[in-house]
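So the structure is just underneath, and the comments pick up after that.
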Amino acid sequence: MRARKTGAVNADFAHVEAPAPAFLFDLDGTLIDSVYQHVIAWHSALAGLGIDLSVWRIHRRIGMSGGLFVTALLRETGLSLTAEQIEDLQRAHADGYLKQLDSVRPLPGAAELLAELTARGVPWAIATSGHARTARHALGLLGLPDSTPLITRDLVRRAKPDPDLFLAGAAVLGIDARHAMVVGDSVWDLLAARRAGALGIGLQSGGYGTDELERAGAFRVYADPADMLAHLDELGVRASG
């Protein structure tokens, strides 16, 4: 049997194109420097119910939905709260966080990273376990319009580590989540990414170390958005044109 010429084979494959890259970003600790404000808000809300929980234990749960946070809290402390107390706790956390908005800042390179992706025609969305009440202010901090695709806890059935937020973000972009890369700062982000079938990128800007992020599924880990911006070529993002 006569072999096909190499040139013909190359011509065949020259028309095969991989899906364009797309990114789904967590918010707190990934694009804005707000993790410790959330920790303080939870600590204050818990103290209001007479619950003294170490700050480091609270930090380890940031990135979960408020409901899962409370579930983990009850398991760790052996306490029992009524539905009304749980609702009061979550409301107190939101109030406590909003009181600290003046101290929340974009993480280094966050606005520039999003602007560069937009300039290169790379689709992206934000998917956060936070409710719209506490999340939407971040759009102004990042210099983003109100029309920015933002998926919050209010819009999905379950939050991280369930994949619902990232699946919804992919749907808004009109892509399959398996063709997206999830950028997050916590193990909960990366576990949710794996369940959504997406690649995970870890950022250390939320307080987790490289080893923890990699064990949770990150295939690349960067210090912060500025570091990720400097290495976009590693993620298959090419210069426009």
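All of the numbers you see were taken from the coordinates with simple rules; none came from a lab. The structure displayed is predicted, hence computed values, not measured ones. As a convention, Cβ positions derive from the backbone with ideal geometry for all residues, glycine included, and neighbour counts pool all protein chains shown.
Okay, here's what the table says:
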item: Segment 65-104 and segment 140-201: distance between their alpha carbon centers, rounded to Å; result: 22 Å
item: Net lengthening on full extension, Glu87/Asp227 (0.36 nm per residue, minus Cα-Cα); result: 46.6 nm
item: Residue-wise HN-Hα coupling along segment 215-229, computed from phi with Karplus coefficients 6.51, -1.76, 1.60 (Hz; x: Gly, Pro); result: 5, 7, x, 5, 8, 9, 10, 10, 5, 6, x, 4, 5, 5, 4
item: Built amide H within the under 5 Å cut-off of Ile32, gap 5+; result: Leu107
item: Taking the convex hull of Cα positions in the chain, its mean projected area over all directions (nm²); result: 16.2 nm²
item: Extension gain (nm, one decimal) between Asp102 and His137, 0.36 nm per residue minus Cα-Cα; result: 11.5 nm
item: Helix 66-77 vs. the chain, principal-axis angle (Cα, 0 to 90°, nearest 10); result: 60 degrees
item: Derived scalar couplings ³J(HN,Hα) [segment 33-47; Karplus, 6.51 cos²θ - 1.76 cosθ + 1.60; whole Hz; x for Gly, Pro]; result: 8, 10, 4, 6, 5, 5, 4, 4, 5, 5, 4, 5, 5, 5, 4
item: Residue-wise HN-Hα coupling along segment 108-118, computed from phi with Karplus coefficients 6.51, -1.76, 1.60 (Hz; x: Gly, Pro); result: x, x, 5, 5, 5, 5, 5, 5, 5, 4, 4
item: GNM result for the chain, Cα springs below 10 Å: residue of Gly184, Gly130, Gly207 fluctuating most strongly; result: Gly207
item: Cut-off 14 Å between beta-carbons: net charge of the residues surrounding Asp233, Lys and Arg +1, Asp and Glu -1; result: 0
item: Farthest toward positive dipole pole in the chain [+1 Lys/Arg, -1 Asp/Glu at C-beta], among Ala94, Met64, Gly200; result: Gly200
item: Rh (Kirkwood; distinct C-alpha pairs) - segment 36-102, Å; result: 11.8 Å
item: Share of pairwise Cα separations in segment 71-167, more than 18 Å, in percent; result: 60 percent
item: Under 10 Å, Cβ to Cβ, from Leu81 - net charge with Lys/Arg +1 and Asp/Glu -1; result: -3
item: Acute angle (nearest 10 degrees) that the helix 83-98 long axis makes with the longest principal axis of the chain, alpha-carbon atoms; result: 70 degrees
item: FRET efficiency for Ser80 and Asp146, using Cβ-Cβ distance with R0 set to 51 Å, rounded to 0.05; result: 0.80
item: Label-to-label distance, nm, for residues given as Thr71 and Leu53 (7 Å Cα→Cβ offset); result: 1.4 nm
item: Positive-end residue of Leu74, Gly48, Gln85, charge dipole of segment 36-102 with Cβ unit charges; result: Leu74
item: Crossing angle, helix 164-173 versus the chain [Cα axis fit, 0-90 degrees, rounded to tens]; result: 40 degrees
item: Total formal charge among the other residues, if their Cβ is under 14 angstrom from that of Leu150, Lys/Arg +1 and Asp/Glu -1; result: -1
